[in-house]
């Protein structure tokens, strides 16, 4: 019969504290290796705040339309959850619009 899980290591921790210490401090520090971000989806750092807010507003408006279109195909708790998500999207869009109004009053 094939055993799915491997055998436990020969040197089992002598106490629960030793096991906990191993999980809290696994050894090498992950932050020791320098991180090089992927440039595939990077936002241009030269863009103005107004441009970034306009794109954020348009993205939120599109997400709101998509969520509200999808709501028509759902019922019950799934519909209620998606309506809640659409409301959060709308509140984000309102906040971005307010920020745009402060940058460039109408």
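Quick check on my filter: what residues within segment 71-82 are over 21 Å from the mean Cα position of the chain (by Cα) and in a helix (DSSP H, G or I)? Spell out how you get there, then give the answer.
Start the filter on segment 71-82 by keeping residues that are over 21 Å from the mean Cα position of the chain (by Cα), which leaves 71-77, 79-80.
71, 76, 77, 79, 80 - these are the residues of segment 71-82 that are over 21 Å from the mean Cα position of the chain (by Cα) and in a helix (DSSP H, G or I).
Can you tell me which of 85, 42, 49 is more than 19 Å from the chain's Cα centre (by Cα) and either within 27 Å of residue 98 (Cα to Cα) or modelled with pLDDT of 80 or more (or both)? Working first, answer last.
Working: 85 fails: more than 19 Å from the chain's Cα centre (by Cα); 42 fails: more than 19 Å from the chain's Cα centre (by Cα).
That would be 49, the only listed residue that is more than 19 Å from the chain's Cα centre (by Cα) and either within 27 Å of residue 98 (Cα to Cα) or modelled with pLDDT of 80 or more (or both).
With the condition kept exactly as written, say whether any residue in segment 55-73 is more than 30 Å from residue 104 (Cα to Cα) and surrounded by 11 or more Cβ atoms within 10 Å (Cβ to Cβ).
yes
Output the residues belonging to segment 85-105 that are free of Cβ contacts under 8 Å to residues at least 24 places away in the same chain and assigned to a helix (DSSP H, G or I).
Kept after step one, since they are free of Cβ contacts under 8 Å to residues at least 24 places away in the same chain, are these residues of segment 85-105: 85-88, 91, 94-95, 98, 101-102, 105.
Within segment 85-105, 85, 86, 87, 88, 91, 94, 95, 98, 101, 102 meet the criteria.
The values are calculated or read from the model by the stated rules, or taken from the named source; none is laboratory data. Keep in mind it's a predicted model, so treat the numbers as computed, not measured. Every residue, glycine as well, gets a Cβ built from its backbone with ideal geometry; the counts of neighbours run over all protein chains shown.
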